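The values are calculated or read from the model by the stated rules, or taken from the named source; none is laboratory data. Just so we're clear, the structure is a prediction, and the values are computed from it rather than from any experiment. Here the Cβ is made from the backbone with ideal geometry for all residues, glycine too, and neighbour counts use every protein chain on show. Heads up: the accessible areas ignore ligands, DNA and RNA and are worked out on the full protein's heavy atoms, side chains in. Shrake-Rupley method; radii C 1.70, N 1.55, O 1.52, S 1.80 Å.
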Amino acid sequence: MQSLSPSSSSITLKSLIRKSSPNWTQRVSPSRLVTQCAHPFDSANGYGAIAANFNVAGSIGNRRADWQSSCAILASKVVSQQEDTEKAGGSDNITAVNGHRTLDLVQIEKLPKPLAITDLSPAPMHGSQLRVAYQGVPGAYSEAAAGKAYPNCEAIPCDQFEVAFQSVELWIADRAVLPVENSLGGSIHRNYDLLLRHRLHIVGEVQLPVHHCLLALPGVRKEYLNRVISHPQALSQCEHTLTKLGLNVTREAVDDTAGAAEFIAANNIRGTAAIASARAAELYGLDILADGVQDDSGNVTRFVMLAREPIIPRTDRPFKTSIVFAHDKGTSVLFKVLSAFAFRNISLTKIESRPHRNRPIRLVDDENVGTAKHFEYLFYVDFEASMAEVRAQNALAEVQEFTSFLRVLGSYPMDMSPWCPSRED
């Protein structure tokens, strides 16, 4: 800007333009001239620029000394505001905008941490403070499986499999651990039917070596026994061993192994023995008449872990997926369904058929031979792949083309614990 002479008592806009641009020939007649005097501030500290506007309309009647005094006054106000702000709240993130103090809404370091996939898909072995339902009474193998699946959990006994399912659905328990198959006794069909009836999801599996013992009240000898009670699976798993022991006894099935031991102890029945675990003998004060009475040392029961919500499938460890499907065209479609897995090199670990309760019989009319009656089945399949893998997704997409019903029961980590056929305790 051109210097303003202190000796000039009146300076017109025309004279300013003429002095700064003496060679201009075109007439310029603005109605307003705005001059800004600004003091810069560090934007990182939140200070805004403060400007003073001086209006020049027709003429500027201020002398040079007056104009410099105005700028000095403005500068002193800005410095004082800066000092006041620093004293008032430098550590409280207080900023000044046009002379007004403001407060930052959220500090960056205090923002919540975003959820990661590990938060949504906790490790299946984590069981601290979880309530886990199982079928049976304390001392049952299902209780041991619950403790293996979720260490330090609160185990909740249930008298029936159905109750264990409902306890999770009604938020009484967080998880349920239930058996689905045994290496000697085969599948536990009741739980397969309940998996379809309820809307729980399989979130893991655990395999538990089973070590059966023959239990009786203190002082009772094997020769005096006339009855052996236990769960039907346990009785079938010890059938040959009981025969080798020379026991001429009646075998009766009850709801669970530990319940049989509890029944003998509670009613003081001396002529009856129970097949149960060594822990059941300790809990109910029974003697072990024979240890390891299972027919095969490779006696393992597979349990599934159930939850209200599925886990997120992953590919960083071996996964297994369980499905159930049905079709309208009979068992002829089964080959095509299984081929969808074979073509993609996906191994099947389990296939189980169960009657289709809603439609157990399919009638096919033929004018020449009459009416054929076919049994309708639901097929349960376990295969070694995660639903996060493209090959598993493509396989199920192909399966869906041949089936009338398809449901994924769960995609979950496989139990890769070392094989240990020793005692459970």
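Structure summary
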| item | result |
| --- | --- |
| Residue in region 407-424 that is under 16 Å from HIS327 (Cβ atoms), touching a helix residue (DSSP H, G or I) at 6+ places or on another chain (Cβ under 9 Å), at pLDDT 65 or above and hydrophobic (A, V, I, L, M, F, W, C) present | no |
| Residues within region 185-235 that are among the aromatic types (Phe, Trp, Tyr) and either open to solvent by 20 Å² or more (accessible area, probe 1.4 Å) or touching a helix residue (DSSP H, G or I) at 6+ places or on another chain (Cβ under 8 Å) (or both), tallied | 1 |
| Residue among ILE275, ILE361 that alone is of a type in the set (A, V, I, L, M, F, W, C) and either modelled with pLDDT under 95 or open to solvent by 10 Å² or more (accessible area, probe 1.4 Å) (or both) | ILE361 |
| Residue count, region 233-262 (criterion: more than 12 Å from ALA276 (Cα to Cα) and not in a loop (DSSP other than H, G, I, E, B)) | 11 |
| Index of the failed condition, LYS336 passing every other in (1) more than 23 Å from VAL180 (Cβ to Cβ); (2) at pLDDT 95 or above | (2) |
| Matching residues in region 104-121 - criterion: being assigned to a loop (DSSP other than H, G, I, E, B) and either open to solvent by 60 Å² or more (accessible area, probe 1.4 Å) or modelled with pLDDT of 95 or more (or both) | ASP104, LEU105, VAL106, LEU111, PRO112, LYS113, PRO114, LEU115 |
| Hits in region 387-419 (condition: of a type in the set (Phe, Trp, Tyr) and more than 18 Å from the chain's Cα centre (by Cα)) | PHE402, PHE405, TRP419 |
| Count of region 384-406 residues which are under 16 Å from LEU348 (Cβ atoms), modelled with pLDDT of 95 or more and of a type in the set (A, V, I, L, M, F, W, C) | 5 |
| Qualifying position, being among the hydrophobic types (A, V, I, L, M, F, W, C) and over 22 Å from ARG407 (Cα atoms), among LEU178, LEU195, LEU200, LEU184 | LEU184 |
| Top-ranked residue in region 333-357 [being open to solvent by 40 Å² or more (accessible area, probe 1.4 Å) and hydroxyl-bearing (Ser, Thr, Tyr); ranked as farthest from HIS189 (Cα to Cα)] | SER347 |
| Hits in region 308-333 (condition: over 16 Å from MET414 (Cα atoms) and at pLDDT 90 or above) | ARG308, GLU309, VAL324, PHE325 |
| So ASP291, is it of a type in the set (Asp, Glu), under 28 Å from LEU195 (Cβ atoms) and open to solvent by 70 Å² or more (accessible area, probe 1.4 Å) | no |
